[in-house]
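Taking it in order: structure first as structure tokens, then the write-up.
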Amino acid sequence: MKCLFALTFLALAGQGFAADDATIQKGEKVFDYWCATCHGPGNLPGTVALQTKYKGAKPALLSERTDLIPPVTKTFVRKGVSIMPFFRKTEISDADLDALAAYIARNNKAPTR
Ligand code: HEC
């Protein structure tokens, strides 16, 4: 167990929020499949709700956000919020969620970059 914790720590510490292009492309596919129906451009429930919530202080489109770090995205996806459903691991696997969160975080100015 100790070893597993150490490995997890190393993986998280080393990774920062920078991801390679293949991961980001995979994440974009996951986003288009599961999220774009509500968070894509246009008069869609997620985009409209975030436009109302932030009133333009943050982009209404998740794909244009620069502040959503992977742990935050993952928590919303696994727990849901308001009318947004949560997603099970049988729908979006942990690996797919890693890629999805990396895609949404791709424009973050993370200090580890
Ligand atoms: C059925 C429509 C729907 C789907 C599908 C959906 N969402 Fe959402 N999502 C929403 C709505 C609506 C909100 C705003 C909830 C609120 O705060 O009122 C939201 C909020 C969020 C937030 C919080 C943003 C913030 O700043 O408050 C994140 C992150 C998010 N969604 C990510 C995702 C991801 C990633 C997916 C795909 C796995 C996804 N959502 C799929 C409707 C959806």
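FYI, it's all coordinate maths here, none of it is from the lab. Please read these numbers as outputs of a predicted model, since none were measured by experiment. Because the Cβ atoms are built from the backbone with ideal geometry, glycine has one as well, and the counts that use them run over all protein chains shown.
How far apart, in nanometres, would the label points at Val81 and Lys109 be if each is projected 7 angstrom from Cα along the Cα-to-Cβ direction?
So the two model labels end up 2.3 nm from each other.
Counting other C-beta atoms within 10 Å, and keeping those with at most 10, which DSSP coil trypsin sites (Lys or Arg not before Pro) do you find in the stretch 43-72?
Filter output for the stretch 43-72: Lys55.
Could you name the aspartates and glutamates whose alpha carbon sits less than 18 Å from that of Lys29, not counting residues in the same chain fewer than 8 places away?
Partners within reach: Asp20, Asp21, Glu64, Glu91, Asp94, Asp96, Asp98.
Over the Cα atoms of the stretch 17-57, what radius of gyration and what Dmax do you get, in Å?
Rg, Dmax (Cα atoms, Å): 12.7, 33.
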